Amino acid sequence: MNNLCIGLVALVWSASIFSAGPPAKMSQEQFDALMNEVSNWGRWGDKDQLGTLNIITAEKKIAAASLVKEGDSVSLALPLNTVSDQVNQKPFEHESFIFGGAEMEELGIDPKDAAQAAGDVYKIDYHGFGHSHLDGINHFAYKGKMYNGYRFDNQNGQGFSNLGIENIATNGVFTRGVLVDMPVFLGEKYLEPGVAITSEDLDAWEKASGIKVSAGDVLLVRTGRWQRVREKGQWNFVGKAAGMHASVATWLKERDVAAIGCDGVSDVMPSGVGVRVNPLHELVIVGMGMPIFDNLDLEELSRMAKLKDRSTFLFVAAPLKVVGGTGSPLNPIAVF
């Protein structure tokens, strides 16, 4: 369906149903029931290390590859940010250096005759709200248990014995990506902080676009976060952010989505679920075994999707192969 038709449907939808109010409240009892409802524990065996990425079959990968028509690609990662602010409280540290001098002399080489080369030292604490990254399925636990019932057993700071990010890194993520560009759908520049996206909103987007989110997809939801930053500057994102309501976990389970991502952190904040800051993270990571892409830059992807009048593409991502790691900074790519 073309963008004009989507826009006409969106006008009716936004005027009649979409709510910019706070997220619906969910009790702790309802949260616990939902955790059981969406659980994938044991679905792929007691020793499973991949969770919902098991859904990405060879056939799904082949079909995703066929989406590449022009060969245009878009990075979905923010530049690693070295500047501290209220969102980026853990700045990326980068030191570059030139090889030579004493090292060459130790090898018996006159530095003047040596090849010229340079290197870098990187330091990053990437979880949080400032850097594009992938949350592994050992990033969260609930009541002492990770996905599939594994113990939350950080081994003296040396990583986890199960569900480490190396399991995802072995084959990476290669599948169909689907962009739900909620501001474009609603005819807005961005969603205001605190707006909750519900299953009904995703259903409406599907109806307008003619696209059905299907098994093995990576679902990317744009809230327009970076457009708002450009226009109004940074704000207390942890206190108030647009995103999906925790109840969307049921919708994701029904669609058998492989992974989700957002220009925020997928969760609406405040969440409406008691003291739980990121309940959708808990439900999909712990209950479903689903990795999450946080803090993506979806602005160029939004422009590309509008230009090509399509919201599906090949999605490729490869985390660092860190044994026992809880996630990874990375540079996901969308290819059209």
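Things worth noting here:
- Scope the range 235-274; condition open to solvent by 30 Å² or more (accessible area, probe 1.4 Å) and within 11 Å of PRO193 (Cα to Cα); matching residues: TRP235, ASN236, VAL238, GLY239, LYS240, PRO270
- In the range 195-215, the residues that are closer than 21 Å to MET269 by Cβ form no Cβ pair under 7 Å with any partner that is among the charged types (D, E, K, R) and buried (at least 19 other Cβ atoms within 10 Å of the Cβ), whether six or more places apart or across chains.
- Residues of the range 269-303 that turn out to be in a loop (DSSP other than H, G, I, E, B) and hydroxyl-bearing (Ser, Thr, Tyr), as a count: 1
- So GLY289, is it buried (at least 24 other Cβ atoms within 10 Å of the Cβ) and in contact (Cβ under 8 Å) with a residue 24 or more places away in the chain: yes
- Each residue in the range 76-90 was checked for being within 17 Å of GLN227 (Cβ to Cβ) and open to solvent by 50 Å² or more (accessible area, probe 1.4 Å), and 1 pass.
- When we screen PRO111, PRO91 for residues that are under 28 Å from LEU220 (Cα atoms) and of a type outside the set (D, E, K, R), the only hit is PRO91.
- Scope the range 129-171; condition within 29 Å of LEU314 (Cα to Cα) and exposed (fewer than 14 other Cβ atoms within 10 Å of the Cβ); matching residues: THR170, ASN171
- Residue list for the range 300-316, restricted to those being in contact with a helix residue (DSSP H, G or I) (Cβ under 7 Å, 6 or more places away or on another chain) and open to solvent by 10 Å² or more (accessible area, probe 1.4 Å): LYS306, ASP309, SER311, LEU314
The values are calculated or read from the model by the stated rules, or taken from the named source; none is laboratory data. The shown structure was predicted, so the numbers you read here are calculated from the model rather than taken from an experiment. Positions of Cβ are generated from backbone atoms using ideal geometry, with glycine treated the same way; all protein chains shown enter the neighbour counts. Only protein heavy atoms, including side chains, enter the accessible area calculation; ligands, DNA and RNA are left aside. Shrake-Rupley method; radii C 1.70, N 1.55, O 1.52, S 1.80 Å.
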